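Let me begin by presenting the structure, written as structure tokens, before commenting on it.
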Amino acid sequence: MEPVILHCDMNNFFASVECAKNPALKGHPVAVCGSEEARHGIVLAKNDLAKAYGITTGEPVVKARAKCRDLITVPPHYSDYLRYSAAARAIYDSYTDRVEPMGCDECFLDVTGSGALFGDGETIAHALRERIKRELGVTISVGVSFNKPFAKLGSDMKKPDAVTCLSRANFREKIFHLPASDLCGVGPATTAKLASCGIFTIGQLANAYPPMLKDKLGVNGLRLIEMADGRDRTPVLPGDAELPMKSVSHGLTTYRDMASPEEVWPVILALCEEVGHKLLAYGKVAQGVSIQVRDNALKSRGYQAQLALPTDSYSVIAKEAYKLLLAKHLWEKPLRGISVGAIDLCPSSIPRQTDFFSDTAALHRAETLDHLADRLNGRYGEGTLRYGAVVGNRLAEVGGGFGFGGR
């Protein structure tokens, strides 16, 4: 049976949710923006009216206002976005049990077995589009195809509030003329490498000489040819599928520059509190640590190191990250932002191999204390028990979201 895959993408998600919550915003150019005071003052999302003025995601709010003096800016409300995302997911789940979330605003659906109940893929796509609009007050674009890359491409081809079908019979005439960069997974670096081979369109990529692309892009080059030619068979994974988590990270831009390593230490410790909490929640330990810094010239540097013993102790991870920073980073300019990660994760249930040179007793004490702090904070509220270096330190006021790697 021919697979029937849908990709549902909620249009201008953050901005659409803000307009759905506050009808007074409708009919006006709206942008969801980070805090300018906290130096997160960039456009996170915008509605179509703001987009018409040339406002783009990621640009500074000051620049956006210069393009549109009537622009209404609102702060992000992530709990609302998660609530709308969950409501959309519940609607998707009523049509199939094979729903794979891709962030809070996108999902792949495999509706191959849903035809007897709900009709063909295009019929289901329109039903979903109407229900989301009626029940949530936001719109979605849906791509319908026989594999995931083309379903994703279809949802991008016509926005907002639209359905695009790419079948095995018509995909060549509909997409072969499009830029190769329109394919999911073809970023700027890959686009440049393809261009150096004379490949600019999806059709040219589909008909590329495999040995040439393998030489240029490795195994990924062969995969891109298969994707462009409609031969991708990647399955839709249910949302509860067990995926290997390879890393957990957390970062922030501080309200002012950090001029010395001493100022960086409490920030690292605060970030690692968040990382350690997730490690405990997911039953993982880290075998390595990573740290990435960005200076006030927006130049980034990243460093990694292995840990002597796997651990979920955030204080140990913080100390190793700080030690790594001192050893590797050439302090040329003050730092504007920092991110710390626990990498090479494995289940905490796996036995650990010790050696004569590691202080296992000190590690056990650190883990015991950090586990206790995490339980107390969970029971009595965040911040109940923290290290003194973090308490009252404005630089160490950590917000934002966790980062995960492994998909």
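The values are calculated or read from the model by the stated rules, or taken from the named source; none is laboratory data. Since we're looking at a predicted model, the values are computed, not measured. Neighbour counts run over all protein chains shown; Cβ positions are idealised from the backbone, glycine included. Areas reflect the complete protein model, heavy atoms only, side chains present, ligands, DNA and RNA absent. Shrake-Rupley method; radii C 1.70, N 1.55, O 1.52, S 1.80 Å.
Structure values in brief
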read-out	value
TYR53 vs. criteria in contact with a Pro (Cβ under 7 Å, 6 or more places away or on another chain), open to solvent by 40 Å² or more (accessible area, probe 1.4 Å) and closer than 22 Å to THR139 by Cβ	yes
LYS67 vs. criteria more than 22 Å from the chain's Cα centre (by Cα), modelled with pLDDT of 95 or more and open to solvent by 60 Å² or more (accessible area, probe 1.4 Å)	yes
Residues (open to solvent by 40 Å² or more (accessible area, probe 1.4 Å), touching a helix residue (DSSP H, G or I) at 6+ places or on another chain (Cβ under 9 Å) and more than 14 Å from LYS319 (Cβ to Cβ)) located in the range 258-273	GLU263
Where LEU325 falls short, out of the listed (1) under 19 Å from ALA396 (Cα atoms); (2) touching a Ser or Thr at 6+ places or on another chain (Cβ under 6 Å)	(2)
Residue within the range 30-44 that is in contact with a Lys or Arg (Cβ under 6 Å, 6 or more places away or on another chain), small (Gly, Ala, Ser) and open to solvent by less than 20 Å² (accessible area, probe 1.4 Å) present	yes
Pick from the range 367-379, criterion within 31 Å of the chain's Cα centre (by Cα), at pLDDT 85 or above and more than 16 Å from ALA270 (Cβ to Cβ), ranking: most open to solvent (accessible area, probe 1.4 Å)	ARG375
Residue within the range 241-257 that is in contact with a strand residue (DSSP E or B) (Cβ under 6 Å, 6 or more places away or on another chain) and in a loop (DSSP other than H, G, I, E, B) present	yes
Of all residues making up the range 42-97, the number that are among the acidic types (Asp, Glu) and within 30 Å of ALA116 (Cβ to Cβ)	2
Test: residue in the range 109-128 that is closer than 18 Å to VAL17 by Cβ and either modelled with pLDDT under 95 or of a type in the set (Val, Ile, Thr) (or both)	no
The one condition in (1) farther than 21 Å from LYS26 by Cβ; (2) surrounded by 19 or more Cβ atoms within 10 Å (Cβ to Cβ); (3) not aliphatic (A, V, I, L, M) that ASP105 fails to fulfil	(1)
Filter pass, TYR282 being aromatic (Phe, Trp, Tyr) and in contact with a helix residue (DSSP H, G or I) (Cβ under 6 Å, 6 or more places away or on another chain)	no
Any pair with Cβ under 7 angstrom, 6 or more apart, that starts in the range 257-276 at a residue that is farther than 22 Å from ASP370 by Cβ and ends at one that is hydrophobic (A, V, I, L, M, F, W, C) and surrounded by fewer than 21 Cβ atoms within 10 Å (Cβ to Cβ)	MET258/LEU395; PRO261/LEU326; GLU263/LEU395
Among residues of the range 151-172, those that are buried (at least 21 other Cβ atoms within 10 Å of the Cβ) and out of contact with any Asp or Glu (no Cβ under 9 Å at 6 or more places or on another chain), counted	4
Hits in the range 190-231 (condition: among the acidic types (Asp, Glu) and at pLDDT below 95)	ASP215
Any hit, the range 113-131, residues being assigned to a loop (DSSP other than H, G, I, E, B) and on the phi > 0 side of the Ramachandran plot	yes
Test: residue in the range 83-92 that is surrounded by 14 or more Cβ atoms within 10 Å (Cβ to Cβ), of a type outside the set (Phe, Trp, Tyr) and more than 22 Å from the chain's Cα centre (by Cα)	yes
Enumeration of residues in the range 122-144 that are farther than 15 Å from ASN12 by Cα and open to solvent by 10 Å² or more (accessible area, probe 1.4 Å)	GLU122, THR123, HIS126, ALA127, GLU130, ARG131, ARG134, GLU135, VAL144
Residue that is modelled with the highest pLDDT, among those in the range 307-342 that are under 25 Å from the mean Cα position of the chain (by Cα) and open to solvent by 20 Å² or more (accessible area, probe 1.4 Å)	SER339
Candidates GLY251, GLY276, GLY221, filtered to the one that is surrounded by 18 or more Cβ atoms within 10 Å (Cβ to Cβ) and within 30 Å of LEU166 (Cα to Cα)	GLY221
The range 189-201 residues that are exposed (fewer than 12 other Cβ atoms within 10 Å of the Cβ) and of a type outside the set (Asp, Glu), paired with ones that are part of a helix (DSSP H, G or I) and at pLDDT 95 or above (beta carbon under 9 Å, 6 or more apart)	GLY198/GLN204
Test: residue in the range 137-157 that is in a loop (DSSP other than H, G, I, E, B), modelled with pLDDT of 95 or more and of a type in the set (Phe, Trp, Tyr)	yes
